[in-house]
């Protein structure tokens with residue numbers, strides 16, 4: 001969630017024209033993005049973003065391409081703390097590209113002129129938003145409210161804000177319906193021909209496997225031991241209570257993502273078999 005709403009610092013600092021003047025952490029980010037998002041993928045991603053915007057317009061989700069129309073959607077998220085609409089269009093990269101790659105590297109779809117429109121004010125606003133967000137309960141409504149409070153109507157006319165908003169809207173609307181809150185970090189794949197380990201996140205933010213409470217680290221080890229035996233035909237079946245906190249939900253799904261990255265380091269093209277179930 002932090003990367004979705006507050007990646008302005010990395011975006012502004014990743015301009016290749018000034019890369020030699022950046023702290024090492026940002027230089028490493030540029031190298032990471034160049035290694036994980038090819039020029040061919042950048043072209044496809046730009047096309048998918050354009051198609052996504054047209055999908056929103058066609059279905060009346062956005063009234064037009066103006067910044068005020070985008071702000072209106074954020075205002076809706078503030079009111080409803082969610083964003084629900086039926087997505088009947090497939091976007092390959094938006095759905096399958098690793099979360100860290102997209103949120104850290106989508107600046108590559110912008111031109112140098114578009115990146116140069118970001119100023120120190122945007123950077124400071126980003127830092128302030130993150131401080132306020134970190135100290136509060138993480139919800140889509142709060143994040144949207146902070147965006148509205150810290151950026152002007154003119155800011156929403158910038159291409160960066162439209163691109164980041166498209167990502168935000170898509171991720172929130174694509175999240176597991178049982179949670180009604182925010183961004184799913186991982187690929188969600190429903191399969192019926194795999195053996196699964198059942199993981200439950202209850203209303204007390206406790207992770208349960210076989211009716212036993214596990215810490216995040218313990219759960220990670222148990223799931224890894226289950227998957228490593230045959231990762232192509234095994235998977236995770238995840239159920240989250242409606243009362244679970246958004247923060248714990250993100251930490252749990254981040255753990256799943258980390259496990260699959262670890263598994264993939266030794267196996268070519270391993271599928272992410274993760275099934276979301278509705279809570280009772």
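Restricting the search to segment 243-259, which residues are closer than 18 Å to residue 198 by Cβ and either in contact with a helix residue (DSSP H, G or I) (Cβ under 8 Å, 6 or more places away or on another chain) or loosely packed, with under 13 Cβ neighbours inside 10 Å (or both)? Give the derivation first.
Residues of segment 243-259 that are closer than 18 Å to residue 198 by Cβ, as a first pass: 244, 248-249, 252-253, 255-256, 259.
If the condition is that a residue be closer than 18 Å to residue 198 by Cβ and either in contact with a helix residue (DSSP H, G or I) (Cβ under 8 Å, 6 or more places away or on another chain) or loosely packed, with under 13 Cβ neighbours inside 10 Å (or both), then 252, 255, 256, 259 are the ones that fit.
I need the full set of residues from segment 82-91 which are in contact with a helix residue (DSSP H, G or I) (Cβ under 7 Å, 6 or more places away or on another chain) and surrounded by fewer than 19 Cβ atoms within 10 Å (Cβ to Cβ), in order please.
The answer is 82, 84, 85, 87, 89.
Say we look at segment 56-82 and pick out the residues that are within 19 Å of the chain's Cα centre (by Cα) and assigned to a loop (DSSP other than H, G, I, E, B); which of these is nearest to residue 148 (Cα to Cα)?
Selected residue: 81.
Between 237, 232, which is crowded, with 16+ Cβ neighbours inside 10 Å and more than 19 Å from residue 172 (Cα to Cα)?
Criteria check complete, one pass: 237.
What are the pairs with Cβ atoms under 9 angstrom where one residue, in segment 248-270, is outside any helix (DSSP H, G or I) and the other, located anywhere, is modelled with pLDDT under 80? Sequence gap at least six, or different chains.
Listed pairs, sorted by first residue: 270/264.
The values are calculated or read from the model by the stated rules, or taken from the named source; none is laboratory data. What you see is a predicted model; the values in this text were computed from it and never measured. Every residue, glycine as well, gets a Cβ built from its backbone with ideal geometry; the counts of neighbours run over all protein chains shown.
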